[in-house]
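The values are calculated or read from the model by the stated rules, or taken from the named source; none is laboratory data. None of these values were measured; they are calculated from a predicted model. We place every Cβ from the backbone using ideal geometry, glycine too, and count neighbours over all the protein chains shown. To get the accessible areas, we keep the full protein, side chains included, count just its heavy atoms, and leave off ligands, DNA and RNA. Shrake-Rupley method; radii C 1.70, N 1.55, O 1.52, S 1.80 Å.
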Amino acid sequence: VTNVTFNGLLSQAQNGTTIVLEHRFFGLSNPLPSLTGENLRYLTLQQSIDDIEYFVKNVNLPMPGGDHLDAPWIMVGGSYSGALTSYTMDNKPGLFYAGYASSAPVQAMYDYWGYFEPIRENMPANCSADVEAVIEHITEVFEGDNTTAIQEIKDTFGVGSVQHLDDVAGVRSNLWDWQNMQPTTGPGAAFYNFCDALEVKNGTVASAGGWGLDYALAAWGAYWRSSYLETMCGGEDVGECLDSYDSTATYFTNTTIDNPYRSWNWILCNELSFSQSSPPPGIPALVSRIVQPEYDIRQCYYWYSDVFNAQNAPPMANGAAALSDQRYGGWNVSVDHLFFANGKRDPWREGTVSADGLNIPSTASQPILVSDGFHASDLIVDFGEADPSVGAVQQRALEVFATWLSEWKSI
């Protein structure tokens, strides 16, 4: 709510009031005492949009005239809340005078292999070359029948006791660390440490082509064993820790509130999908091709076993993403006074209106600006100071909103 954020900066520039809402079924905003699948049936995109409408129309703010505001409402969000900004403005015309959607993956997708494309395109070339080589090798071995070679790879990563190969290949933590990158990120960041482990040998950095399969495989395995494995599993047996086929694991059965992963996965299983899987043939892969959306669908059954079964499959498996796009606009959204801000290095870029090949035009009523930033970089003022391209988007947005608000007329 302060001017360290873009929303605060915009509010300050326009003499506005900044409000932060907690989403239903996240944090402590729960109408029911647990996060069972039966209770989570009230967690839908439409219910969330309706919550926002109810708040806008009924809130009594602690200020003079706070019960009958005569002022324009602006909705600001980044990532999912950026998409929710677009969905709300599309679904509730006129509720908000304007909106700002940062890194908003508005197009729900069943198979979101594009998550890893901005990572592959923007990570150090030597690192991507070696990761691709290792992943291609793992896929080839895991799809074969050489049990000795399979066990060697598992042992290299310290996961020899893990039974299912997609559980070995499905751990994408090193790549997911990219989403934590920002313009101010420097040495010591998790993703940089990962690439350094593969590309710095005896003080020498590999050329753009990397060190090659043999060294990269051994180096990746050593790094994984000495860092992530301990972080993820602690003292727990590795075979049990990484077993996504154990439906009785606490990971799946803990229904206490204030568990964002359980709430978020419900939205994915029911409406947005976004399975972060391997790419189609012919596209270089950072993730093994044995990792397919079915890997995530199966876990939906375990997360919410009280509602999903053989007779009632998760909607993710039956076109839920396409239905959400039809309901809330997706890439086809067309709303006046909706500002989209995206980043070239954002792993969610391919779900935004700035996805490769879309070529959606930026207009005066629905501007689309793209910086060199990462995920929702433009929402933080410091990131705009660190990266001039992000700062330029922030400045342009302030100018656009100043123009739009100067045109607002009291009802």
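Data overview
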{"read-out": "Number of positions in segment 154-164 that are aliphatic (A, V, I, L, M) and under 16 Å from Val291 (Cα atoms)", "value": "1"}
{"read-out": "Residue among Gln163, Gln107, Gln182, Gln151 that is over 30 Å from Gln326 (Cα atoms), of a type in the set (S, T, N, Q), surrounded by 18 or more Cβ atoms within 10 Å (Cβ to Cβ) and modelled with pLDDT of 95 or more", "value": "Gln182"}
{"read-out": "Condition check for Val287: open to solvent by less than 10 Å² (accessible area, probe 1.4 Å) and among the β-branched types (Val, Ile, Thr)", "value": "yes"}
{"read-out": "Residues located in segment 244-254, provided they are more than 22 Å from the chain's Cα centre (by Cα) and open to solvent by 40 Å² or more (accessible area, probe 1.4 Å)", "value": "Tyr245, Asp246, Ser247, Thr248, Thr250, Thr253, Asn254"}
{"read-out": "Residue list for segment 27-66, restricted to those being open to solvent by less than 70 Å² (accessible area, probe 1.4 Å), among the hydrophobic types (A, V, I, L, M, F, W, C) and under 28 Å from Thr250 (Cα atoms)", "value": "Leu32, Leu35, Leu40, Leu43, Leu45"}
{"read-out": "Which listed residue is open to solvent by less than 20 Å² (accessible area, probe 1.4 Å) and under 22 Å from Ala320 (Cα atoms), from Ser81, Ser86, Ser128", "value": "Ser86"}
{"read-out": "Residue that is least open to solvent (accessible area, probe 1.4 Å) [pool: residues in segment 353-383 that are in contact (Cβ under 8 Å) with a residue 60 or more places away in the chain and in contact with a Leu (Cβ under 9 Å, 6 or more places away or on another chain)]", "value": "Asp378"}
{"read-out": "Residues satisfying the stated conditions in segment 182-222, i.e. without any contact (Cβ under 8 Å) to a residue 24 or more places away in the chain, in a loop (DSSP other than H, G, I, E, B) and of a type in the set (Gly, Ala, Ser)", "value": "Gly186, Gly188, Ala189, Gly203"}
{"read-out": "Residue within segment 336-343 that is under 30 Å from Asp90 (Cα atoms), more than 20 Å from the chain's Cα centre (by Cα) and in a loop (DSSP other than H, G, I, E, B) present", "value": "yes"}
{"read-out": "Residue selected from segment 386-397 under the condition in contact with a helix residue (DSSP H, G or I) (Cβ under 6 Å, 6 or more places away or on another chain) and of a type outside the set (Val, Ile, Thr), by the criterion surrounded by the most Cβ atoms within 10 Å (Cβ to Cβ)", "value": "Gln394"}
{"read-out": "Test: residue in segment 260-279 that is surrounded by fewer than 14 Cβ atoms within 10 Å (Cβ to Cβ) and over 30 Å from His137 (Cα atoms)", "value": "yes"}
{"read-out": "Residues located in segment 223-269, provided they are assigned to a helix (DSSP H, G or I) and hydroxyl-bearing (Ser, Thr, Tyr)", "value": "Tyr223, Ser226, Tyr228, Thr231, Thr250, Tyr251, Thr253, Tyr261, Ser263"}
{"read-out": "Residue satisfying condition, being touching a helix residue (DSSP H, G or I) at 6+ places or on another chain (Cβ under 9 Å), at pLDDT 95 or above and part of a helix (DSSP H, G or I), within set Ser48, Ser11", "value": "Ser48"}
{"read-out": "Qualifying residues in segment 131-146 (those that are closer than 10 Å to Gly210 by Cβ and of a type in the set (A, V, I, L, M)) - the one surrounded by the fewest Cβ atoms within 10 Å (Cβ to Cβ)", "value": "Ala133"}
{"read-out": "Single match in Ile297, Ile267, Ile290 (criterion: over 19 Å from the mean Cα position of the chain (by Cα) and aliphatic (A, V, I, L, M))", "value": "Ile290"}
{"read-out": "Selection status of Asp167, charged (D, E, K, R) and within 24 Å of Glu294 (Cα to Cα)", "value": "yes"}
{"read-out": "Residue in segment 211-224 that is in contact with a strand residue (DSSP E or B) (Cβ under 6 Å, 6 or more places away or on another chain) and hydroxyl-bearing (Ser, Thr, Tyr) present", "value": "no"}
{"read-out": "Those residues of segment 217-238 which are within 30 Å of Leu40 (Cα to Cα) and open to solvent by less than 40 Å² (accessible area, probe 1.4 Å), in sequence order", "value": "Cys233"}
{"read-out": "Near pairs, Cβ below 7 angstrom, 6+ apart or cross-chain, from segment 13-42 (at positive phi) to any residue that is in a loop (DSSP other than H, G, I, E, B)", "value": "Phe25/Leu35; Phe25/Leu43; Gly27/Asp258"}
{"read-out": "Residue identified as under 19 Å from Trp408 (Cβ atoms) and open to solvent by 40 Å² or more (accessible area, probe 1.4 Å) among Val76, Val4", "value": "Val76"}
